[in-house]
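Here's the structure, in structure tokens; my notes come after.
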Amino acid sequence: MTSKMRRVGIIPGDGIGPQLAAQAVKVLRYFQQTAGLDVEILELEACGAAIDRCGDPLPPATKAQAAMCDAVLIGNIGAPKYSALPPEKRPERTLMELRQLFGVCTNLRPVFLLPGLEEFSPLRPELIEKGFRVLVVRDIRGGMLAGPHDSWDGVHGREACDTEYYNEETVELTARAAFAEARRRTGRVCSLDKANVLASSVLWRNKVIEVAKDYSDVELRHCYIDTASMEVIRQPWAFDVIVTGNVFGDIIADELAQISGTPALFGSAELAPDGRGIYTTNQLHNPNEALAQSNGACPAGILHATAMLLEHSLGRPDLGIRARQALRRASVDKLCTEELPRKDGRQLSTAEFGDYIVEFLRQK
């Protein structure tokens, strides 16, 4: 519990984004009214709406508002109509600037298999019979995705270089986040690298080993990224918390999401050392505009992101647990939307799904 007033910025975004964000706001408003959640909710103009009005995906006034927020939740980024714009003018620039503004360093990507959703997994039943619940803790401050990029004319034509840069501080921030999360789960961390080839991975592994000394109650093992990419398919249940760098984490988290067969159900949190965060769906860039027209997108992903927001940036893990319980019940009750239809399921619109979650919370 906390008495400090927190601020949450809501960026509805593009396409299905406004419909998804509206369901998150329903849950936050309900907790405001019934559970003492002391939060101010601000709608922020960004992405396509801001481009249409002033040509800037994150106008200075919006950026100033976001800077005062403890968390920003984003519904969806991108639409085909903006694809011809230069990178600095496209909706995706919103996320890049918010990352710099908040100083985020660690991305939490939970992936799990809910009861009754086994039918969506592309794996054979015997490979998923134990289920799985994996948390990918990924650095997003270092690595080649965040490092210098360069290209030039060379002897053999065009040449290019992306720098895979890491320092000990960056590795430590993400490693400590992973060990702390493992303590709340089953106490197991698997660190992924390519220390047999890359100097940056040698630094990564050595620093993770050093940080692990402060968490003697957590089991640490190491795995090369190529081996892990096979192992998560062969025995996904053998992993609990995975900690890894920017590029490797981006790939392994998406692989796990597809193994589940339900990537739309997951949330994502990008956290700064001070606890502020950016919260999104696992599939932040969903170009299916038909779902916006039919009100058929699944809001489970953004509602899971909302649960993470409550836990990490608003200091209300109790409310995050309640939100997850409601989503689990929706799965047990075979609720679904057009985006993720289920056999013998009860199909709802995006808004009706959100209403169900609030009603479940009210009854509990």
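The values are calculated or read from the model by the stated rules, or taken from the named source; none is laboratory data. Predicted model only: the values in this text are computed from it and were never measured. For neighbour counting, all protein chains shown are included, and Cβ atoms are generated from backbone atoms with ideal geometry for every residue, glycine included. Keep in mind that these areas ignore ligands, DNA and RNA; they rest on the heavy atoms of the full protein, side chains included. Shrake-Rupley method; radii C 1.70, N 1.55, O 1.52, S 1.80 Å.
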Fill in the blank from the handout: For Ala264, the lone unmet condition from (1) open to solvent by 10 Å² or more (accessible area, probe 1.4 Å); (2) in contact with a Lys or Arg (Cβ under 9 Å, 6 or more places away or on another chain); (3) part of a helix (DSSP H, G or I); (4) not polar (S, T, N, Q) is (2)
Fill in the blank from the handout: Per the filter on region 304-362, residues among the basic types (Lys, Arg), part of a loop (DSSP other than H, G, I, E, B) and surrounded by fewer than 19 Cβ atoms within 10 Å (Cβ to Cβ) are Lys334, Arg342, Lys343
Handout entry: For Asp250: the one exception among (1) touching a strand residue (DSSP E or B) at 6+ places or on another chain (Cβ under 8 Å); (2) outside any helix (DSSP H, G or I); (3) in contact (Cβ under 8 Å) with a residue 24 or more places away in the chain
Key = (2)
Exercise for the section: Please determine, by comparing only the residues of region 144-183 that are at pLDDT below 95 and under 22 Å from the mean Cα position of the chain (by Cα), which one is least open to solvent (accessible area, probe 1.4 Å). Expected result: Gly147
Completion exercise
Okay, strands (runs of 3 or more DSSP E) sitting entirely in region 184-244 with 3 or more residues that are closer than 17 Å to Arg133 by Cβ and either at pLDDT below 95 or under 23 Å from the mean Cα position of the chain (by Cα) (or both), I get 188-193, 241-244
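Yes/no matrix, rows are residues, columns are (1) free of Cβ contacts under 8 Å to residues at least 12 places away in the same chain; (2) among the aliphatic types (A, V, I, L, M):
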position	(1), (2)
Leu192	no, yes
Val197	yes, yes
Val202	yes, yes
Lys213	yes, no
Ser216	yes, no
Asp226	no, no
Met230	yes, yes
Thr244	no, no
Ala269	no, yes
Fill in the blank from the handout: Within region 103-140, restricting to residues that are open to solvent by 40 Å² or more (accessible area, probe 1.4 Å) and within 20 Å of Cys190 (Cα to Cα), the one that is farthest from the chain's Cα centre (by Cα) is Lys130
Problem - Failed item, numbered, when Cys69 is tested on (1) at pLDDT below 95; (2) in a loop (DSSP other than H, G, I, E, B); (3) within 30 Å of Phe179 (Cα to Cα) - result: (1)
